[in-house]
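First comes the structure, then the notes that go with it.
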Amino acid sequence: MIPVAEALARVLAGIPGPVSAETVKIAEAAGRTLAEDVCATRTQPPFRASAMDGYAVRSTDVATPPATLRLVGVSSAGHGFTGTIAAGEAVRIFTGAPVPDGADAILIQENAEATPQAVTAREPAAPGRFIRPSGLDFKVGDRLLRAGDTLDPRRIALAAAGGHGNLSVRRRPRVAILATGDELVAPGEPARWDQIVASNGLAVAALVREAGAEAVDLGIAGDTLAALDQAIGRAVAAEADLLVTLGGASVGDHDLVQSALHAQGLELGFWRVALRPGKPLMHGRLGRMAVLGLPGNPVASVVCGLLFVVPVLRALLGDPHAAADRSEPAILGCDLAQNDLRQDYLRARIETAPDRLPIVHPENRQDSSMLFILGSAEALLVRAPHAPAAKAGEPCRIIRLDRRIL
């Protein structure tokens, strides 16, 4: 068995590079990953703008209040005043509107009394006060976003403000997902007494889509080389960037996935990792297609999906931080015994408070077939191989399950 960190490094080293780019409308870019840097094509704001409702004035004219100025116009958003303010003059102005030439301050309306023809300042207006300079946010040519960034609402808003109607993004990687085993039936289908519902594929497909990729469902293949050969052929025909198999990758009499893949030219990287749940994890390449064989146990497949499938997809999308550690600090809520040679990912509940790190309580039962506990868990408690016994109140690391994977 190899350590988790080494396994992930070897998996990502086998990714030849990001997938190709395509151009999409910015309105359709949510969740996509940028293929190139985004630079501003305009300055924001493109003019000096008022930050308050009030009056654009020359600060020297209102330095000694009360001071009465003649109103010569109005500047509102989208309808700026085009003249120049002279001595003794003022312009009614609204938030976001251009500050007229000649003005160097905003007299806020709370400090003024106005008639249709004039305004009287009751307080001074300091030079530059309540004026946003041109380029306060960014200027033409400034880099706004980097290649590899995922386009969430705030980044889409920034790219749009920078003048972009279209963006170059990575195409969605194609992930073929194959469940294996005579014991499996599709959800909603009648099951014999000795069969179970195939849930792993749906979970992995959800992870794949949330990571910004396209899931290709290859269905369920029975425990025969012929069925596996046909399914693998469909993955190749679909030009999948990644094939994820579920179950059958170990060395039992009915574990035929490795044999079927080897028959089609698999270059095996490794097939056992020192983690729990998920030891029988397989990695390799079949031509241009990466292959990850996840364990058949439902919890193990989800954990391995988080630890390996998602980073692979981020690498395919050009994310420079694909291998970043997603864990965060927490505090143990109970005593734990010494760990063995495998890295543990324990399903756990979180107790939070505003003034402290989260306190994590691992579930008593950690059997990798128990989806009910995974469904109610909020985090995975990470325990390193050979970790010594730990007491409640000691620091630990967790991976949250109640946050988006990106």
Cα gyration tensor of the range 112-231 - equivalent ellipsoid semi-axes, whole Å, descending:
62, 19, 10
Give the aspartates and glutamates whose C-alpha is closer than 17 Å to that of K279, dropping any in the same chain fewer than 8 places away, or say none.
E6, D255, D340, D344, D367
Could you work out the Kirkwood radius for the range 49-132, taking every pair of different alpha carbons, averaging 1/r and inverting it, reported in Å?
11.9 Å
How much length would be gained if the chain were fully extended between E6 and M370, taking 0.36 nm per residue of separation minus their Cα-Cα distance, in nm to one decimal?
128.3 nm
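Only counting other Cβ atoms within 10 Å, I'd like T60, T150 sorted with the fewest neighbours first.
Details: T60 14, T150 19.
Ordered by Cβ neighbours within 10 Å, fewest first: T60, T150.
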In degrees, nearest ten, helix 200-210 long axis to first principal axis of the chain (Cα)
20 degrees
Rg/Rg_ref, the range 257-329, where Rg_ref = 2.2 N^0.38 Å and atoms are Cα
1.17
Label-point separation in nm, A86 to H262, each point 7 Å along Cα→Cβ
9.4 nm
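Sorting R383, R42 on the 10 Å Cβ count, fewest up front, what's the list? Numbers along the way, then the final one.
Values: R383 22, R42 13.
Neighbour counts put them in this order, fewest first: R42, R383.
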What are the extents of the Cα atoms of the chain along their three principal axes, listed from largest to smallest and rounded to whole Å?
95, 52, 40
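How high is the relative contact order of the chain? Use alpha-carbon pairs under 8 Å, at least six apart in sequence, and give a whole percent. List each step's numbers first, then the result.
On the way: 947 pairs, mean separation 65.8, N = 406.
Here the relative contact order equals 16 percent.
Dipole size in debye (nearest 20) for the range 328-400 around its Cα centre, Lys and Arg Cβ +1, Asp and Glu Cβ -1?
Values: 9 positive and 10 negative charges, 18 e Å.
So the magnitude is around 80 debye.
Taking neighbour Cβ counts within 10 Å as the exposure measure, how do V57, V140 sort from fewest upward?
On the way: V57 28, V140 14.
Result, fewest neighbours first: V140, V57.
Compute for the range 1-143: radius of gyration divided by Kirkwood radius, i.e. Rg/Rh, restricted to C-alpha atoms, rounded to two decimals. Can you show the working numbers first?
Numbers: Rg = 25.3 Å, Rh = 18.6 Å.
My calculation puts Rg/Rh at 1.36.
From the P(r) of the range 328-400, could you give the percentage of C-alpha pairs in the tail past 15 Å?
Details: 1331 of 2628 pairs.
Counting pairs separated by more than 15 Å, the tail of P(r) holds 51 percent.
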Report, in whole Å, the centroid distance computed from the Cα atoms of the range 119-147 and the range 311-360.
42 Å
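Computed from the coordinates by the stated procedures, all read-outs in this text should not be read as laboratory data. Please read these numbers as outputs of a predicted model, since none were measured by experiment. As a convention, Cβ positions derive from the backbone with ideal geometry for all residues, glycine included, and neighbour counts pool all protein chains shown.
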